């Protein structure tokens, strides 16, 4: 059959609207699960362990290397103006307001988000989610809500750890490897970082956590409904890739929007 | 005879990618008698699984009414849908056991989630059930460590925990060798005589399943034919039924086919 471009456009538009509606209902049902009994506290602890504790090493190494690079690059740039004393301020503000929340969310999306998406996708294609429905067990309360709460607890905490490790990396690069004085690094940071900056970073980390867990669990849950995903194991792999890409792009877009609105 | 499930003029269509509409159920009506075994058979894409999904409220019909135990459950949602589902036990094609849970945890799941029983009571009931389904000593194994037949038995044990009034079996012997399939059917028969539930079996394994059937429904391109006994099928003069008998039942009934 010859394809009609206008019909294709209409179909795509309808698909996008349907998908948005489906994902919005998914989000509402995930939050409704908080108020449904019995609450799965053990599962919540397991998910915090998986998303939070399990991501500690990757967050530590990413933060350390980012801090070291920021320290060296910052020193190189500031040295040209004789402003090496501002290194502490530059490194800490960059990490707390931008790189900390963004890189933490991207790392969590790549490590835990992909795993959550694949897990739910496999559960869907092997009828495990249908089995929950048939036992009159709410799959949102049972599977999705603990992941949402765990992400909202873990990602902001990981962001704080990222900031601290990154600032320490910048200190090592600036003070130990270059000739910035320890006092000016610490004082620059103390004098320039305000509560507003820290609040902005934390708000961002909550929003990014929600975006990552929402997109990754939602894509896995709806693996059969995703257009072009195919069937079986292939559909899970494609949807997992799509979830990581989509959540990463969403984090970057929302980073700009939040910065523009809250700065 | 009272009906456990009744379909009244139920239709279900799906939109295809090329914009056309595929009719899977075309205004079908049938009833499934309580306490008996009904087999739903038909070729691939004939609407067997769709019928089960409509019964369970996993899919909605485009038109018509569905009655379960005399109650109209068409379009049921929320608490009503939950109440409907508690009447059913389902054994899925692939058993649908939870990969990350042990055999014990899989069987205990409906009790933990749907009842207020203590862990001790749950433990006693699950162990008794595992003994009944010859799964002693496998409590701590994960589904990946079980054979296909054992997975089916765990799935059946799990489905039986809340003592359902109606058991739905979706292609229950897919992937099993003939000996294991026979064992599973014997287990179904034994369990049904013990618990007295209504059985609905969707299957391709026609010759073996017909020994269990009290009533047979054959789906074909949106329509259906209902037979009050398996033997009645071989006397049908409808070409698609005769073709179905030849294709699926081979030697068992072919020799009795009446030439038209």
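Coordinate-derived values only; no laboratory data. Remember, it's a predicted structure, so these values are computed and weren't measured experimentally. Cβ coordinates were reconstructed from backbone atoms using ideal geometry, including for glycine residues, and neighbour counts include every protein chain displayed.
Details
- 10 Å Cβ neighbours from other chains, averaged over peptide B:101-111: 1
- Mean-position separation - Cα centroids, the range A:31-93 and the range B:96-143, in angstrom: 41 Å
- Among A:77, A:235, A:114, residue whose mean-square fluctuation peaks in a GNM of chain A (springs only between Cα atoms under 10 Å): A:77
- Average Cα contact separation per residue, the range B:100-162, under 8 Å, 6 or more apart, as relative contact order %: 53 percent
- By the count of neighbouring beta-carbon atoms within 10 Å, fewest first, B:215, A:227, A:111 end up ordered A:227, A:111, B:215.
- Computed from Cα positions, the angle between helix B:239-249 and the longest principal axis of chain B comes to roughly 40 degrees.
- Within the protein assembly as shown, DSSP assigns beta bridges of which about 50% are antiparallel (rounded to the nearest 5).
- Going from the fewest other Cβ atoms within 10 Å to the most, the residues A:258, A:56, A:20 appear in the order A:20, A:56, A:258.
- Put in line by how crowded their Cβ is, counting other Cβ atoms within 10 Å and starting with the fewest, B:235, A:214 read B:235, A:214.
- Cα point-scatterer Debye curve for the range B:57-147, base-10 log of I(q)/I(0) at q = 0.12, 0.22 Å⁻¹: -0.53, -1.11
- Cα centroid separation - the range A:95-137 against the range B:1-67, whole Å: 34 Å
- Degrees separating the helix A:5-32 axis from the principal Cα axis of chain A, which is the longest one: 80 degrees
- If you run the Gaussian network model on chain B, springs between alpha carbon atoms under 10 Å, then out of B:216, B:200, B:28 the most flexible one is B:28.
- Residue with peak Gaussian network fluctuation, chain B [Cα springs, cutoff 10 Å], from B:51, B:20, B:191: B:20
- Legend: Rg and Dmax of the range B:100-162, from Cα coordinates, 10.7, 32 Å.
- Volume of the Cα convex hull of the protein assembly as shown, divided per residue and given in Å³: 191 Å³
- Within chain A, the proportion of C-alpha pairs whose separation exceeds 25 Å stands at 52%.
- Other protein chain C-beta atoms within 10 Å of residue C-beta, averaged over B:87-98: 4.
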